[in-house]
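The values are calculated or read from the model by the stated rules, or taken from the named source; none is laboratory data. Because the structure is predicted, anything quoted here is derived from the model rather than measured. Cβ placement follows ideal geometry from the backbone for every residue including glycine, while neighbour counts extend to all protein chains displayed. Ligands, DNA and RNA are excluded from the accessible area calculation, which covers all protein heavy atoms including side chains. Shrake-Rupley method; radii C 1.70, N 1.55, O 1.52, S 1.80 Å.
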Amino acid sequence: MIEVLEYDPRWPQLFAQIRDRVWPACSDAGAVAVEHVGSTSVPGLAAKPVIDLDVVIRTEADLAPVCSALARLLYRFRGDLGVPSRYAFHAPAEPAIRHNLYVCVAGSVALQNHLLVRASLRAEAARRDAYAALKRDLAARARTIDEYSAGKTDFLLRLLADAGLDGDQLRGVEAINRPPT
């Protein structure tokens, strides 16, 4: 079962706790920012209760030192998981805040995707509310997380097209969110 909860005003504070733990190590290693992304970053949006954050690096060359810094904090590198220029990490048991941590290259489609979706949903309450309704519906009927993610794809592609992503970029996002069966 996929759990989608009403917005929790504590989510920004939980993000801040994780950021405050991660940022000193990552900034010393060459990261340029830590962004709160995903549905928990949008006030008023229903979401899975998992904080998503992107550690932003300038170039791929900055990945190795940031990976080392994160390893010292007990994050385990998982690779790009099929998403170019976005690297996933398995979070340590402590702090006991459910979260997904990614390292994204500045300017990458993966980072643009996260930031554009966040900006659009924060800016337009009607769009945010429509997305929340879709998420609740999918959570109630999707059998797997892949089915849930695929069900959100058309909505997100329209949002990203409105935000200015081009056809190749949109096809890349679609391939990640709705892999061929």
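Does P49 satisfy the criteria of being free of Cβ contacts under 8 Å to residues at least 60 places away in the same chain, not in a helix (DSSP H, G or I) and not basic (K, R)?
Yes, satisfied.
Please find, among V117, V173, the residue that is part of a helix (DSSP H, G or I), at pLDDT 95 or above, open to solvent by less than 50 Å² (accessible area, probe 1.4 Å) and closer than 28 Å to T59 by Cβ.
On the way: V173 fails: at pLDDT 95 or above.
Only one candidate passes the filter, namely V117.
Which pairs do you get when a residue that is farther than 21 Å from R78 by Cα, found in segment 102-117, comes within reach of a residue that is modelled with pLDDT under 95 and open to solvent by 40 Å² or more (accessible area, probe 1.4 Å), reach meaning Cβ atoms under 6 angstrom, with the pair 6+ apart or on two chains?
The qualifying pairs are L116/A163.
Mind checking which residues of segment 64-97 are under 19 Å from the mean Cα position of the chain (by Cα), of a type in the set (G, A, S) and open to solvent by 80 Å² or more (accessible area, probe 1.4 Å)?
Result: A96, single match.
Taking A61 as the residue in question, decide whether it is more than 30 Å from A125 (Cβ to Cβ), loosely packed, with under 14 Cβ neighbours inside 10 Å, in contact with a Phe, Trp or Tyr (Cβ under 8 Å, 6 or more places away or on another chain) and of a type in the set (G, A, S).
no
Quick check on my filter: what residues within segment 26-42 are open to solvent by less than 50 Å² (accessible area, probe 1.4 Å), in a helix (DSSP H, G or I) and not small (G, A, S)?
C26, T40
Only residues that are among the hydrophobic types (A, V, I, L, M, F, W, C) and assigned to a helix (DSSP H, G or I): list them for segment 132-148, please.
Initial filter on segment 132-148 (among the hydrophobic types (A, V, I, L, M, F, W, C)): 132-134, 138-140, 142, 145.
Within segment 132-148, A132, A133, L134, L138, A139, A140, I145 meet the criteria.
Could you list all residues from segment 5-29 that are within 22 Å of R86 (Cβ to Cβ), charged (D, E, K, R) and without any contact (Cβ under 8 Å) to a residue 40 or more places away in the chain?
Residue satisfying the conditions is R19 alone.
Only one residue in V32, V56 is more than 20 Å from V117 (Cβ to Cβ) and touching a residue at least 24 places away in the same chain (Cβ under 8 Å). Which one? So that I can check it myself, show each step before the final result.
On the way: V56 fails: more than 20 Å from V117 (Cβ to Cβ).
Exactly one of V32, V56 is more than 20 Å from V117 (Cβ to Cβ) and touching a residue at least 24 places away in the same chain (Cβ under 8 Å), namely V32.
Would you mind finding the one in W23, W11 that is in contact with a helix residue (DSSP H, G or I) (Cβ under 8 Å, 6 or more places away or on another chain), within 24 Å of A96 (Cβ to Cβ) and either open to solvent by 10 Å² or more (accessible area, probe 1.4 Å) or of a type in the set (F, W, Y) (or both)? Even if it seems obvious, please write down each step before you answer.
Working: W23 fails: in contact with a helix residue (DSSP H, G or I) (Cβ under 8 Å, 6 or more places away or on another chain).
Just a single option satisfies the conditions, and that option is W11.
Does E174 qualify as being under 27 Å from P12 (Cβ atoms), free of Cβ contacts under 8 Å to residues at least 24 places away in the same chain and out of contact with any Asp or Glu (no Cβ under 6 Å at 6 or more places or on another chain)?
no
Within segment 141-160, track down each residue that is closer than 18 Å to G38 by Cα and small (G, A, S).
S149, A150, G151
Among the residues of segment 32-47, is any among the charged types (D, E, K, R) and under 19 Å from H90 (Cα atoms)?
Scanning segment 32-47 turns up at least one residue that is among the charged types (D, E, K, R) and under 19 Å from H90 (Cα atoms).
Looking at G151, G107 in this structure, which one is among the small types (G, A, S) and part of a loop (DSSP other than H, G, I, E, B)?
Within the list G151, G107, the selection yields G107.
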